[in-house]
Amino acid sequence: MDRYINTTGALLASAFVVCITIWNVKELSWDTERHPILNGTQARELESQFEQSLIISDWAKGLWAAIDYSLFKEGYSGVVVGKEGWLFSAEEYFVPEKKQAKLESNLLFVNNISKQLQASGITLKVALIPEKAEIYTEYAPIQPQHRLGLREEVSATLKRDNLDVIDLFETLDALKHEQQLFLKTDTHWTPQGAKAAANIIAQTLPQHDVMDFNTIASKPTTFRGDLLNFIPVAPYFNNFGPSPDSLVAYTTEPSALEDEDLFFAPITEPSIALIGTSYSANTNWNFPGFLREFTKQEVLDLSTEGQGPFTPMEDFISDSDFTNSNIKIVIWEIPVRYFESNDFYATSQGNG
């Protein structure tokens, strides 16, 4: 019934758009030779002109987005629409130019980082985050063939070079039917996904039982994921777009100590550092907090948002003080798709 109502509403909205378009026909350019009317290219062309010519462009943008999603199950460039309200980042489907060269270059960068850390007495653990579309294949359009084997190739190559690799695919794939591990409307994992990853990673680390942590859950809130930016139906046409997620946020703090215990407790620097992307840095997922809870140790969080996994590691390794710190283990969180992104090693060497 809801789908019928949405479709009917979208058809009515389409009819309204047609009326407005006819009214503004002198302002629109119909190039049917370059953009046949019956395919999506003409619609995109008219959409751009329509939005630019109307004062109420936000409303118009929302209307077009509602029509695209309701009738054609499409969004703007940047999102791939799946089944039952699931959205996937277009980065999971993009086939980059010279992908093999970029892959080999980035693998070389990771290998070199491992050697530098090992020379300083630091153990590197590479935590590979699988793509959302690989975990939730039942909701995702089929990825290009090269993407399907990317994680296996990365994992096998790094292990062959004697790196300590924690491939999170099996853990997440085994739990996906018990709890939602990725957000429907966001690129990232849910706190449950982050918790499952932290648990399996902690099992590979020495257990010192240094301190206890408590994790507290908040009340559920409505969460509009980053992929909804590519289906901009808000605020006028929310009912015609994907439903937002419900998010329970978590915070992890050291267990309460008595005043005298706190006074006499030794002050020690963290021996574990976390370096990674927004999967780690974004507090919505509480990944560093779950690591603290499961390792029973403080974790130095050096992850950053918006820079990918390689830049924060380069910043860490370039800091002359890292060899003088108490860090003995570095957990490097890397989403698999970044191995076919920019040729980071060549760029960092000045050859990009």
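Based on the Cβ-Cβ distance from ASP164 to ASP58, what FRET efficiency comes out when R0 is 56 Å, to the nearest 0.05? Approximately 0.70, to the nearest 0.05.
As a rough guide to protection, the peptides 155-165, 238-248 ranked by mean Cβ packing within 10 Å, highest first, stand as 238-248, 155-165.
For VAL95 and ALA249, what does the FRET efficiency come to when R0 = 22 Å and r is the distance between their Cβ atoms, rounded to the nearest 0.05? Don't jump to the answer; show the numbers that get you there.
Numbers: r = 35 Å, r/R0 = 1.61.
The calculated FRET efficiency here is 0.05.
Give me the lysines in straight-line cross-link reach of LYS115: C-alpha distance below 23 Å, same-chain residues under 8 apart excluded. The qualifying lysines are LYS102, LYS125, LYS159, LYS328. By accessible area, using a 1.4 Å probe on protein heavy atoms only, segment 213-332 has 51% of its surface on carbon and sulfur. Ranking GLY289, ASN229, THR251 by how far each Cα lies toward the positive end of the dipole of segment 191-329 (charges on Cβ) leaves ASN229 at the top. What lysines could a cross-link reach from LYS61, if we take a straight Cα to Cα line under 25 Å and drop same-chain neighbours fewer than 8 places away? In chain and number order, the partners are LYS26, LYS73, LYS83, LYS184. One chain, two ends: ALA156 and ILE142. Fully extended at 0.36 nm per residue, the span grows by 2.7 nm beyond their Cα-Cα distance.
The values are calculated or read from the model by the stated rules, or taken from the named source; none is laboratory data. Source: prediction; values computed, not measured. Virtual Cβ from ideal backbone geometry, glycine too; neighbours counted across all protein chains shown. Each accessible area value is taken on the protein alone, full model and side chains, heavy atoms only, with ligands, DNA and RNA left out. Shrake-Rupley method; radii C 1.70, N 1.55, O 1.52, S 1.80 Å.
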